[in-house]
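Have a look at the structure below, then the notes.
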Amino acid sequence: MIQALIILLHHSESSASNAKDELRMLDLEREILSDAIRHLYEAQAEGKITEQEREKLAASYKARMMSIKESISKDETIVALHDLEGMQEDLMKLFSERFGELTSKVDELRTKIDVKPIKEIPVRLPNQMSPSRMEKNEDAEEDEEAEVSEEKPKKKRKPPEERPDAKTEAEKRIDSIRSEVEKVLDKLGQMEIES
């Protein structure tokens, strides 16, 4: 699976590279054809050829120009797709790194104030659990907590001190991540508009 993905990425990269090279050559050929067609119009204006002769000579140039425009459009799409896939991969890596950093920071702060989650809370869509099931789960959790509290003597804990700097730091990180994601999305939007 990983090997197939590497081969696919390599294939995508090589086809994008080929498309860029072809775009360069097609652009040059388009310039040459444009000059040739312009010379034909100038020759007609100078009286060297008639309008019918100009159209006859220009027909093959115009047909080739249309073919070049189609090829350019296809190659630009290949290059844009490669660029977008790269940005998509970068965005996923960035998200993964930032999420990992955030998780580490949360774990570190929990350790500092000696707070552990009671149990992991699965992420559910709002429509997956009915309110009655939610109430039953809450009741079961309360019963579990009561059993645990009966088994162990209660220790009085001081409430964790409010640390405004920790909250501010977390908010700064979230804002930083949000701005990076917005930059990438803006870049994606600009690429879509350009193509």
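The values are calculated or read from the model by the stated rules, or taken from the named source; none is laboratory data. Note that the coordinates shown come from a computational prediction; the quantities given were computed from them, not determined experimentally. Methodologically, a virtual Cβ is constructed for each residue, glycine included, from the backbone with ideal geometry; neighbour enumeration extends over all protein chains shown.
Some values worked out for this structure:
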quantity: Residue ID - modelled with the lowest pLDDT, chosen from residues in the stretch 8-25 that are hydrophobic (A, V, I, L, M, F, W, C) and surrounded by fewer than 15 Cβ atoms within 10 Å (Cβ to Cβ); calculated: LEU8
quantity: Single residue of GLU97, GLU70, GLU76 found to be closer than 30 Å to ASN18 by Cα and within 22 Å of the chain's Cα centre (by Cα); calculated: GLU76
quantity: Condition broken by GLU53, with the remaining ones in (1) surrounded by 12 or more Cβ atoms within 10 Å (Cβ to Cβ); (2) acidic (Asp, Glu); (3) within 30 Å of ARG173 (Cα to Cα) satisfied; calculated: (3)
